[in-house]
1. Using 19 Å as the Cα-Cα cut-off, could you pick out the over-long pairs in Lys78/Lys98; Lys98/Lys271; Lys14/Lys334?
2. Of the listed peptides 52-59, 263-270, 176-183, what is their order by residue-averaged count of other C-beta atoms within 10 Å, with the highest listed first?
3. Go ahead and run the numbers for FRET between Ser299 and Thr330, Cβ-Cβ distance against an R0 of 56 Å, rounding to 0.05.
4. Can you put Met129, Met23 in order of Cβ neighbours within 10 angstrom, beginning with the fewest?
5. Rounded to the nearest 0.05, what FRET efficiency is calculated for Arg337 and Asp37 with R0 set to 22 Å and r the Cβ-Cβ distance?
6. Need the full-extension length gain, Glu166 to Lys14, defined as separation in residues times 0.36 nm minus the C-alpha distance. One decimal, nm.
7. Given 37 °C and 0.692 mPa s, compute D for the range 94-150 with the Stokes-Einstein relation, Rh being the Kirkwood radius over Cα pairs; round to the nearest whole µm²/s.
8. Tell me, in nm to one decimal, what length is gained between Lys256 and Arg232 on full extension, where the rule is 0.36 nm per residue of separation less the Cα-Cα distance?
Amino acid sequence: MRTGFADLPLHGGKCPAWLFVHMKALSAAIVEVIIEDSGVEAVLERLSNPYWFQALGCVVGFDWHSSGVTTTVCGALKEGLAQIGPAAGLFIAGGKGKVARNTPQEIAQTADKYPLSVNAQDLVYASRMSAKVDSAAVQDGYQIYHHCFIFTSSGQWAVIQQGMNESAGEARRYHWLSSQVNDFTIEPQAAICCDSRGQALNLVAQDNNTVRQTSCEILKLAPTKIVDEINRIQNSNSTLQLPRGHAIPRTSYLNKSLYAAYEQQPDNFEKLLQVSGVGPGTLRALCLVAEVAYGVQASYKDPVRYAFAHGGKDGIPFPVNQSDIENSYTILNKALRRARAGHNEQLQALKNLARWHSQAVNFSNCTPSQPKTRPIPPSPPKSNTLQQPSLF
């Protein structure tokens, strides 16, 4: 997975209705081409790549750098693929705000309507755990408000969710891919994108394995003893430099969540995350006790890792031209119809162009010590009816 930074300042407002119509059509056409060429799993792989997703937002005409690219592009994909997606075994649930909280119900409704070769509850579990990890176990100052769960009929899935830090005016996007998740509690994300790094309590970092184990051991103690220990720590000089805005919750709330965990006695961190009521505050409190009382050193490394085709809605680098964007998805849809009729020259031309462009970019990014071999433009495919490859 490529890593780096994605600039995502927090922007308000809405996408213009006329642009959203075109975004739905073009994003759906692009996904159809990928499905036709490589299958639905390839769609998940691309969506889990923050660079590809950002480029998709640019290509379909949205802002290149705002937080809105996440919510709007996911919304356009969900609506644009509502009909053609299920036919290919590709489904999208969730969204922004209240819609995100309805994701489990949407997954269950999809399972009732379409044949899935996987238990719907397994998908619901993946959705809930990815949301719980990024909202409670990764404490970086960003509050999750958008959760998009993309899955296939065979049970593969990807997650795109976003958090906001209103005081900093920034957004942070989290990408997941099921094939890369071996354990929900050990660095499960495919990538996390933001325009800045800070101090973060990342309890799913590899370095925090001992903290996770110790937290579960601490819960075997009576909750009153844990609360007493926290009070002693807070009244002493042994305090942690926790991330901004992450104070330990009031005792009444903490007592309730500790009792809930104590009654279930979770034997590992993943089960601890499933306990209702155990959120960021409870986990911070356990981390505090583990570090100060038990000498377990926690890691506070921020987990962040991280084109214009039709312009942008704000006129940067130029205003969106409706006829241009409409022409693009018309061409893609025409190429798809021809490919399904046995004439794949246009799709092959698109693939050749993409391959040549990738080679050209790699060439331009070579360091002086690296050998530079100029890319050779693709040769025209042999055909009895088409002598020159064309996108049109």
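1. Lys98/Lys271; Lys14/Lys334
2. Taking the mean over residues of other Cβ atoms within 10 Å, the ranking is 52-59, 176-183, 263-270.
3. Approximately 0.65, to the nearest 0.05.
4. Ascending Cβ contact count within 10 Å gives the list Met129, Met23.
5. Plugging the Cβ-Cβ distance into 1/(1 + (r/R0)^6) gives 0.90.
6. This chain segment gains 53.0 nm when fully extended.
7. 274
8. Stretched fully, the Lys256-Arg232 segment lengthens by 6.7 nm.
Computed from the coordinates by the stated procedures, all read-outs in this text should not be read as laboratory data. Bear in mind that the values here come from a model prediction, so they are computed numbers and not experimental data. Because the Cβ atoms are built from the backbone with ideal geometry, glycine has one as well, and the counts that use them run over all protein chains shown.
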